[in-house]
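Undergrad: Submitted below is the structure of interest, expressed as structure tokens.
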Amino acid sequence: MSSGEKILSSIRADSEKTIAEIKAESKTKCDRILEKARLKADEIKKDAEKKKAQQNEKLQRSCKSRVELEKRNILLRAKRAEIDKTVNAVIEYMNGLGNKEYFELIYKLASTLEKKEGVVFLNERDLKRVPDDFEKRFAASGVRASLSRTPDNSIKSGFILKNGDIEDNMSFSSVLEDKREAVEDLINRELFRD
């Protein structure tokens, strides 16, 4: 082998060695980069799964909360309907009382207006059946009032006491409406006992 061939052979060997070293170093760097990328991808995947699980849990809680709220609303609407039905039944019962019981209830309502005075208005039906001692019994309940012979058919049942511009609406529906919260509590306790 000539000296030129030896030099070329030495350069070739050095080049191949350098190329092999560069390849090995590149492979090592690539492997490290790939491993870091794999670890990062696993981390991203775990974070995504964790976020997905959290979102699912949050969504389930939200759905459960909405279902519970709708259930409560349905129950409240049903209770409200039953209470309204009961209040209407009470008013109908009061309207249907016999003359004696009906006017006893009127006198009882009048006693809540003690020391007031004015003119008592009734509806046409009640004016036709008013007892002879009505004004006397009204006065005995603590109210000084005269009975108007003009019917007020805006009143379904009960009475209105007017004194000038002051008006006490003692119709059964108005009295129950004024006491609605207490009446509802009572009905609620009676109808929906636990």
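The values are calculated or read from the model by the stated rules, or taken from the named source; none is laboratory data. No experiment lies behind these values; they were computed from the predicted model shown. So basically every Cβ, Gly included, is an ideal-geometry build from the backbone, and we count neighbours across all protein chains shown.
Undergrad: Could you check the stretch 147-194 and list, in sequence order, the residues that are of a type in the set (Gly, Ala, Ser) and farther than 20 Å from ASN95 by Cα? So that I can check it myself, show each step before the final result.
TA: Going residue by residue through the stretch 147-194, those that are of a type in the set (Gly, Ala, Ser) are 148, 154, 157-158, 164, 171, 173-174, 182.
SER148, GLY164, ALA182 - these are the residues of the stretch 147-194 that are of a type in the set (Gly, Ala, Ser) and farther than 20 Å from ASN95 by Cα.
For every residue, the table says whether it meets (1) more than 15 Å from LEU122 (Cα to Cα); (2) in contact with a Ser or Thr (Cβ under 6 Å, 6 or more places away or on another chain); (3) assigned by TED's automatic domain parsing to the domain that holds GLU117; (4) surrounded by fewer than 16 Cβ atoms within 10 Å (Cβ to Cβ).
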{"residue": "ARG149", "(1), (2), (3), (4)": "no, no, yes, yes"}
{"residue": "LEU161", "(1), (2), (3), (4)": "no, no, yes, no"}
{"residue": "GLU181", "(1), (2), (3), (4)": "yes, no, yes, yes"}
{"residue": "LEU186", "(1), (2), (3), (4)": "yes, no, yes, yes"}
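Undergrad: For MET170, all conditions in the list (1) in a strand (DSSP E or B); (2) under 20 Å from GLY98 (Cα atoms); (3) without any contact (Cβ under 8 Å) to a residue 60 or more places away in the chain hold save one; what is the number of the exception?
TA: (3)
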